[in-house]
Amino acid sequence: MDGARLSTCLWGKRVALGVTGSIAAYKAISLLRALKREGAVVSVVMTQAATKFVTPLTFEVLSGTRVATDLFEAHEEMAHLTIPEQVDVVLVAPATANFLAKAALGLADDVLTTMLLSTRCPVVVAPAMDGDMWIHPTVVHHVQTLKARGVVVLEPEVGPLASGQVAQGRLCGEAKILAAVDAALAAQCDWHDQVVLVSAGPTQEPIDPVRFLSNRSSGKMGYAIAEAARARGAEVILVSGPSFLNSPPGVTTIRVNTAAEMADALCRNFRACTVLIMAAAVADFRPKDEAEHKIKKQGKVEMVLELESTTDILAMLSAQRTSQIVVGFAAETEQVLSHAQDKLRAKGLDLIVANDVTQEGGGFGSDDNAAVILSATGEQRALGLMPKRRLADEILTAVRELCLGGPRRECVTE
């Protein structure tokens, strides 16, 4: 494999690598390393038979993530549901005749085959087996069934096999597999022509050197949008308030603390962007005066903190735009839709994403969220509770459809 090869489609993508019980399972180790080298984030799922050839520990060390091997042990984490929700492509390499049969028939008795039934993203399968098995009518029929459903099935190569035969059945080359994954993801790179400016997280408005005003925002939604936009081919600039989250791969991240600093960073980058997605929870007010030293408690004397309004960054940038698409967020606790519609009109936005931050299982700090997208032309799209990374993709798809005139991103359902 050429170490210089770099794929823009794989950079930042999340790949589920399925490994089944073939002697070629050891080749999946090199494939995993190649995917990582291309910038992909890889989750590995192994069948029990695959663990007889290569230990899960090998893949855990190389991937940096826990390997899913047992449907019942993984039940608490719901790996068969959470993995396909979070990945951009599923790659099964090597794939045995047994796996092909179960996948074609919809059988689900392990993590990998169960996962396929809830997978909505592209699926690429690279078979490896004995030559007589590959040409058996049953296997041929199962391959045809999978292809008819949109699964990409790579033809195995001719060469020496474990049985001693020289026939078609060898796992195809690493370069061919990566090229197939690239091709499957290429259709998803529907933001490659966009420069996306995203804000995320809270701001902190200082009272004195040790205290500040802030809010409960974690930044997870904004970071998920930045990651999703980069994975779909966009150039992404993320302006983040204080957050414990790491910068998404391939994203230019500018870290700020106050609303004024966020406004300055966004203004400096606004002209270069084509889409602004304002997911940050910017403070509406700040202390009028910041104390030079820590304010001491003076007995029981009450203290009045005088506040002043911060700059309305979203309204300011919307008024300055030339051809940019401007998307806002409305984090509400009551009358969610009416408040969001008022904000949409008042600030001249193209879209607004409204969510109830008091909802159970969603809101600030959680990994899940639900939202309603409202457009300036009157469309509404309700998105139920789902992982924020998946919601980020749904938001990007809505922006593409409603504002940029693009088609909905197609996903293969397996």
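Values in this text are rule-based calculations from the coordinates and carry no lab data. Fair warning: this is a prediction, and the values are worked out from it, not measured in the lab. No Cβ is skipped: glycine too gets one built from the backbone with ideal geometry, and neighbour counts run over all protein chains shown.
Working out 0.36 nm times the residue gap between residue 306 and residue 37, then minus their Cα-Cα distance, what length gain in nm do you get to one decimal?
So the chain would gain 91.5 nm between residue 306 and residue 37.
Label point 7 Å out from residue 321 along Cα-to-Cβ: which residues of segment 341-382 have amide N under 11 Å?
Those under the cut-off are 347-352, 376.
Please state, to two decimals, what the Cα-based radius of gyration of segment 18-57 comes to when divided by 2.2 N^0.38 Å (N = residues). Working shown, then result.
Numbers: Rg = 10.1 Å, N = 40, 2.2 N^0.38 = 8.9 Å.
Expressed relative to 2.2 N^0.38 Å, the Cα Rg reads 1.13.
Would you calculate the separation in nanometres between label points at residue 295 and residue 72, each defined as 7 Å from the Cα along the Cα-to-beta-carbon direction?
It works out to 6.0 nm between the two label points.
What does the charge count around residue 293 come to, taking other residues whose C-beta lies under 12 Å from its C-beta (Lys +1, Arg +1, Asp -1, Glu -1)? Walk me through the numbers before you get to the answer.
On the way: positive: 211, 294, 296; negative: 208, 290, 292.
For residues surrounding residue 293, the net value is 0.
Within 10 Å of each residue's Cβ, count the other Cβ atoms and sort 133, 115, 316 from fewest upward.
Sorted ascending by nearby Cβ count, the order is 316, 133, 115.
Pull out the extension gain between residue 285 and residue 23, defined as 0.36 nm times the separation in residues minus the alpha carbon to alpha carbon distance; nm, one decimal.
Fully extending the segment from residue 285 to residue 23 adds 88.0 nm.
Can you tell me how much longer the chain between residue 271 and residue 135 gets when fully stretched, taken as 0.36 nm per residue apart minus their C-alpha distance, in nm with one decimal?
Here the answer is 43.1 nm.
For residue 176, go through the aspartates and glutamates and keep the ones whose alpha-carbon is under 15 Å away, minus same-chain ones fewer than eight residues off.
2, 38, 155, 157
Taking the Cβ of each residue in 403, 121, 267 as the centre, tally the other Cβ atoms inside 10 Å and list the residues starting with the fewest.
Lowest count first: 267, 403, 121.
Taking N as the number of residues in segment 198-310, what value does Rg over Cα atoms divided by 2.2 N^0.38 Å take?
1.24
Specify the residue with the greatest mean-square fluctuation among 21, 233, 348, computed from a Gaussian network of the chain linking alpha-carbon atoms under 10 Å apart.
348
Would the chain count as rounded, prolate or oblate if I go by the C-alpha gyration tensor, calling it rounded below 1.5 in a/c and otherwise prolate when a/b exceeds b/c, oblate otherwise?
prolate
For segment 14-186, what does the equivalent ellipsoid look like in terms of its semi-axes, each the square root of 5 times an eigenvalue of the Cα gyration tensor, given largest first in whole Å?
The equivalent ellipsoid of segment 14-186 has semi-axes of 23, 18, 16 Å.
Along the Cα→Cβ direction, 7 angstrom out, place labels at residue 339 and residue 193. What is the inter-label distance in nm?
3.8 nm
If one computes P(r) from the Cα atoms of segment 195-403, what percent of pairs lie at distances over 27 Å?
Value for segment 195-403: 29 percent of Cα pairs lie more than 27 Å apart.
What spacing in nm lies between the two simple spin-label points modelled at residue 360 and residue 183, each 7 Å away from Cα in the Cβ direction?
4.8 nm
List the residues of segment 320-338 whose backbone N lies under 14 Å from a point placed 7 Å from the Cα of residue 380 along the Cα-to-Cβ direction.
Under 14 Å, as judged by backbone N against the label point of residue 380, lie 335-338 of segment 320-338.
Which peptide among 148-160, 277-289 comes first, and what is the full order, when sorted by highest mean count of other Cβ atoms within 10 Å?
Top of the packing list down: 277-289, 148-160.
Arranged by the count of other C-beta atoms within 10 angstrom, fewest first, what order do 261, 205, 308 take? Present the calculation step by step, with values, prior to reporting the outcome.
Working: 261 16, 205 23, 308 10.
The fewest-first ordering by Cβ neighbours comes to 308, 261, 205.
Tell me what the chain gives for mean residue ellipticity at 222 nm when only DSSP H runs of n ≥ 4 count, each as -39,500 (n - 2.57), the sum divided by the residue total, rounded to 500 deg cm²/dmol.
Value at 222 nm, helices only, nearest 500: -9000 deg cm²/dmol.
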